[in-house]
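Single-structure report; data block below.
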Amino acid sequence: MMKHCTAMLCALLLIVYNNEALAGDGKLLGTAGLIQVEGSGGGGIVPWATLAGYDTQDQVSVNAVMTQVDLDDYRMNVMGVSASFYDRIEISAAHQRFDLKQLGGDIRQNIFGVKYRLYGDAVYSRLPQVSIGLQHKRLEDGAIAELLGADSSSNGTDYYIAATKIHLGAVAGFNAVWNVTARATKANQLGLLGFGGAENNDYEVMLEASAGILLSRSVAIGAEYRQKPDNLGLGEDDWVDYFISYIPNKHIALTLAWAELGSIAGAQDQNGLYLSINGQLW
């Protein structure tokens, strides 16, 4: 999947200079969210009920993302694509490369996702938009996961339900957004360290949440929280990020965040910068 990096980067850069509307002209700027680190439409670390594109009921959109999270001892690079159809269903694929900066080498994982909008519209319906989804994760090499005691060092699947609502003019005249997600998972560190372990090998329901304010038509700030299981007994911490996004048009979005990811494989206080570029290809 990484061999397509150059082509995807070129496509994203071309979007910056493309001012013609492609899809989803009927949706408000910024209401499609972003593509998170597992390839699903959402925030940075949390999948939302919104789909990744600006497509309406008679449109299709295709989006791409490049993300890097640079921590003290690790670095995660993500490339992904997502297609949403008729504002109803989303399919996605993402490749994660997790670099071990101190030890050398990396861990690579491919993620394939599906999301279905069950109800509502995040902006216009009185109740939140609600979607269900899954993320199937496959490690390219499970040697480290097996060494750490993961029950499965090859693959696993997360299932989630999410609710998202955008309130127009709700906070001092600014638009506000919130999302709550419940995820059933066995994944250790998103699946990069395998699935399940000696401490627990059953699905657990983890809660995730996002909240943000649109300071203008093109700038949003907010925070996210992601609860995580500790199946390996290594003290896996919950994740938090604080973000600012610049969305000049419907074809490009840039996000800078401070990520606090806690303990990863015994390495404490893994904090660092999160940088992401999202683009709508059509």
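Descriptive notes on the structure:
- Checked against (1) buried (at least 18 other Cβ atoms within 10 Å of the Cβ); (2) out of contact with any His (no Cβ under 6 Å at 6 or more places or on another chain); (3) modelled with pLDDT of 95 or more; (4) among the aliphatic types (A, V, I, L, M), Ala122 passes all but condition (3).
- Qualifying positions in the range 131-178 - closer than 16 Å to Ser40 by Cβ and either more than 22 Å from the chain's Cα centre (by Cα) or of a type in the set (Gly, Ala, Ser) (or both): Ser131, Gly133, Gly156, Ala162, Ala163
- All positions within the range 190-236 that are closer than 26 Å to Ala176 by Cβ and of a type in the set (Asp, Glu): Glu208, Glu224
- Exactly one residue out of Phe174, Phe243 is of a type in the set (A, V, I, L, M, F, W, C), touching a Ser or Thr at 6+ places or on another chain (Cβ under 9 Å), over 22 Å from Phe112 (Cα atoms) and modelled with pLDDT under 95: that is Phe174.
- Of all residue pairs spaced 6 or more apart or on separate chains, those with beta-carbon atoms under 7 Å, a first member in the range 148-172 that is farther than 16 Å from Asn201 by Cα and a second member that is hydroxyl-bearing (Ser, Thr, Tyr) and not in a strand (DSSP E or B) are Thr164/Thr50; Ile166/Thr31.
- Only residues that are among the small types (Gly, Ala, Ser), free of Cβ contacts under 8 Å to residues at least 40 places away in the same chain and farther than 21 Å from Tyr160 by Cα were counted across the range 213-232, and they come to 1.
- Count - residues of the range 9-52 that are part of a loop (DSSP other than H, G, I, E, B), more than 23 Å from Tyr119 (Cα to Cα) and at pLDDT below 90: 6
- Among (1) over 17 Å from the mean Cα position of the chain (by Cα); (2) aromatic (Phe, Trp, Tyr); (3) within 24 Å of Glu199 (Cα to Cα), the one test that Tyr74 misses: (3)
The values are calculated or read from the model by the stated rules, or taken from the named source; none is laboratory data. Source: prediction; values computed, not measured. Cβ sites come from the backbone with ideal geometry, for glycine too, and all protein chains shown count toward neighbours.
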